[in-house]
Structures are given as C-alpha cells and as structure tokens.
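A short worksheet on the structure shown next.
Just so it is clear, none of the values below were taken in a lab; they were calculated from the coordinates. Computed from a predicted structure; not experimentally measured. With ideal geometry, Cβ positions are generated from the backbone for all residues, glycine too; neighbour counts draw on all protein chains shown.
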Amino acid sequence: MSETPIRVVVIGGDAAGMSAASQVKRRMKSAEVVVLEKSEDVSYGACGMPYNIGYKADINDLVVLTAEEFKKKRGIDVRLLNEAVGIDEKNKKVFVKSLPSGRKYEIGYDYLVIATGARANKPPIEGIENQGVFTLKFLDDARKIKSFVDENNPEKVVLIGGGFINLELAENLKKLGMDVVILEKLSGILLNFEDELRESVYKELEKNGVELLCDVDVDGILDDLTVETNKGDFKADFINVAAGIKPNTDFLKGSQIKLAQNDAVDVDRYFRTNVENVYSGGDCALIYHKILDRNVYMPLGTNANKAGKLAGATIAGSNEQFGGIVGTSIFKVFELGVAKTGLSFSEAQKEGYNAVKTTISAPITAHGYPHQGKVTISLIAEKSTGELLGGQVVGNFEGVWRIDVIAAALYAGFTIKDVQNLDLAYSPPFAPVWDPILVCANQAIKQVGK
C-alpha cells in the first residue's frame, strides 16, 4: 500500500510563495502542493509596474506564469481568490475563505509556507479613499491606475511619499505628459544615502520638471482631489500614496507564530518559524543580514525569491543555511541610476563602527570615448581594520551596475585593500583603465589602517 503524499500548503502566490511551491514540486514529485492566493494574480514582476504604466504596455506582460500554467506545467494546485483567514498550528489546519462565494473551509497541511507579502500603508488622512486616490503595490493596483489614466487623461499628479515607487512613477507619469508634484513628510528623500549622492537625485528631478517638497504634513484630500497640507493646497487629477508597507500577517494574530515588532514573521536561516513545519519568507517576513549578523526587514523581490526557494528546498530535505543578504537595491530616476549596498555612513556609526566615508566622481568610459558619462561612488569602511561596510553609486544609469561589484566584495568580506586590488575589466566603451571603484578605493585606503 502506497504512502499518502505529503501536503504542502503555501499562503501567497507571488515571488516567495511560488518559488517555494515550485522548489518543493521540483524536488518531491509526489508532494501535493496547494497555493492559496487571495487576488486574481500569481507570479508577476511587481517592480515593473511603474514602467508598465509609463510605456502603456499590456499589464499581462508582467505575468511570468499564470495560475493555469502552474497547474499544467508544474502540477501545483493554485487557488485564486482564496484567502487564508487563520491557522490552527496545533492541528495543522488553515482556515480559508473563498472570496467569490463567501464559503469558508479548512485545509490540512504537513508543511505550511507563509508568503503573504505586504500591503501598502494608508496613513489616516481624511479623503484617502476618494476616487482618484491610489496605491501601487499589487498588479490589480496597476490595472486600476492604467484604467483611470486612460479614461480621465489626468494632467496634474500629486505623489504622497518620496520613496522608490513614487520616484519611479514620477518619471513615468512625466513621460505621459503630466505635471508631477511629490510631497514628502520627512526632511528629505533617500535619507539612507550620502548627501553628495542624494543631491544628484534632487537635481535630476528638478531638471525634469518634477516638484519635490519635503517636511510636508498632509491634512486631508478633498472630493475634488485637492491635497491640503501645511505647505499649501495642491490640486490633482490623480494621486498615488506610497507611505511605506505593512506585512500581511493580521490573520496570524492569536497564533503561536512569533512576529517581530513590525508584525513581520520571525524566521531562522532556513526560513523556519518558531512553530514546527511552518516556514515563511518574502515581504511578510524578516531576513538575515550578513553584515549586521541579525534579522532585518528588507522587502525586496530578490530577497523574496531567495527565501521562497530555500524554504521549499528545506521542506524537501535540503540542509542549506541561508548565507544572508547585504542589502543591495537599485532604481532609476529619469537618466540617473541610484544604487546602494551594505551600510551607509550614518548606519555604520549607529551600529558602533568607527566608520570612514570616501566619495569620488569619475567617468564611466575611457578618456576620448564619445559618451563620457560619470558616476559618483561612496565607499564606507571601518577605520582600524579597513573592512568594507557599504557602498553607493549614483550617475549615468549605464554605469550604476558597479554596485554589484561592491555587493560581491561585501559578501566576500573584503577590506578596502582587497577592493583596491580587484582586477576589473578595461575597454573604452565600458570603463577607463582605472575604474571608478578603484579610484574610490585608492582614495579610501588613505583613511584606513589597512
């Protein structure tokens, strides 16, 4: 008599969830894998949404695999519009609600993966639910924005919040011919970047006609989409609110699963929770930071995919410990690339390092080559040991890929001396004989002990 196959239930059908489901099914052909997804979409490139809006591309271009393709090609039972509303970890059950019918049911599991992601934070602003006010977190949000833009042809846009999403939206809405104003509550944007690099972003926004105001308190949004603030009123035809995100873990309240202070799921380096046979990863969970040697909350698509893959592999019997992240991110503002990895100077100081910072600007192509773009690079190091702690690159976006070299050096535990000795490629169209990274390391070595 054959054994009953194990059942793995995955809650959440985007990056972490589908990576975990696919990994289990790839390694354990006989496993029954069920994915519960409360929306109509799985496995899509959320980071491409601002560009999809700007280029007026088909929203389905962002979908990697549909639910039906996962069923046919990988044998994964994907249940769309099925929301997990609670769990009983003692009896290994998930309580589910079918959104179309309202029917509630239970599903048992042998292993559970919580990959519910995060939702957009909506500040308590009067009028935030008015028609014409949006958030951009899920694929359906992008659908709604695209439909609104097509039907209403907005001319004036107010973006509340100055993070990555609204900076990318600013560029793409400007391409569509809209006037764009960004209202930021804090004293500036990109506050985890060094001043010299952040100033480049301010100039790029100004050069492209985007108005940025900081230290703004939004008091309310009127029915006609006038945004009332302490800096005056701003009339809009369209508003997007990007004021951070919150882990989607409300349904876990009352369970034994350990949550962090921000309600993200706490996990170990195998993405196991404190409850046996329950795993978690992605925007709803913490992740191990290699430099800090502790868990942090860093919701990025790269992190979610890695977390899901390793969680699925662990369920299938792997014993591979997660090596950790170093906190690498990159985005584009018009013709400017902006990237960061590791710790900033202020972050390093807060962590107790005797940190030093070196910042240089240098060309990204050889002298005399027709396209003479530039990047500004900052390297952060520990003064006494020379240990590399972080790096940032801002400039012509063709050259900002250098952040990956710095990220690799961080992961390997390099010192500034190690970076100085890197054998980096040289060819006039790609880099000068002294790459900007080497130029910065040559300057940085003067400030450190080794």
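Here are some notes:
- Reported label for calculated Cα extents along the principal axes in Å given (1) 73, 56, 39; (2) 65, 55, 45; (3) 72, 55, 33: (1)
- 3J(HN,Hα) from dihedral phi, the range 67-72, Karplus parametrisation 6.51/-1.76/1.60, rounded to Hz, x for glycine, proline: 4, 5, 5, 4, 5, 6
- Listed residues Ala316, Leu259, Asn305: farthest to the positive end of the dipole of the range 169-327 (Cβ charges): Ala316
- In sequence order, calculated HN-Hα J values of the range 77-88 (Karplus, 6.51, -1.76, 1.60; Hz; x Gly/Pro): 7, 8, 10, 6, 6, 10, 9, 6, 10, x, 9, 10
- Mean Cβ neighbour count within 10 Å, used as a protection proxy, ranking 80-90, 310-320 highest first: 310-320, 80-90
- Listed residues Val375, Ile59, Ser101: farthest to the positive end of the dipole of the chain (Cβ charges): Ser101
- Karplus-derived 3J(HN,Hα), 6.51/-1.76/1.60, for each residue of the range 149-154, Hz, glycine and proline x: 4, 5, 7, 10, 6, x
- Antiparallel %, DSSP beta bridges [both residues in the chain], to 5: 65
- Dipole magnitude of the chain about its Cα centre (Cβ charges: Lys, Arg +1; Asp, Glu -1), debye to nearest 20: 1560
- Assigned charges on the beta-carbon of Lys, Arg, Asp, Glu; the range 238-287 dipole about Cα centre (debye): 20
- Relative packing of peptides 211-221, 19-29 - highest average C-beta neighbours within 10 Å first: 19-29, 211-221
- Sequence ranges 366-372, 281-287, 121-127, ranked by mean other-Cβ count within 10 angstrom, highest first: 281-287, 121-127, 366-372
- Only helical runs count toward this figure. For the chain, summing -39,500 (n - 2.57) over DSSP H runs of n ≥ 4 and dividing by all residues gives -7000 deg cm²/dmol at 222 nm.
- Applying a threshold of 23 Å to the alpha-carbon distances of Lys104/Lys253; Lys137/Lys357; Lys146/Lys332; Lys174/Lys203; Lys175/Lys306 flags Lys137/Lys357; Lys175/Lys306 as lying beyond it.
- The range 333-364: GluC sites (Glu not before Pro) in DSSP coil with no more than 14 other Cβ atoms inside 10 Å: Glu335, Glu351
- Each Cα pair under 8 Å and six or more residues apart adds its sequence gap; the mean of these over the residue count of the range 336-444 is a relative contact order of 32 percent.
- Length-normalised contact order for the range 122-243 - Cα pairs under 8 Å, 6+ apart - percent: 37
- The range 223-242-the range 160-183 distance, computed between alpha-carbon centres (Å): 14
- The antiparallel fraction among DSSP beta bridges confined to the range 122-243 stands at about 30%.
- Size of electric dipole in the range 336-444: Cβ of Lys, Arg +1 and of Asp, Glu -1, about Cα centre, debye, nearest 20: 240
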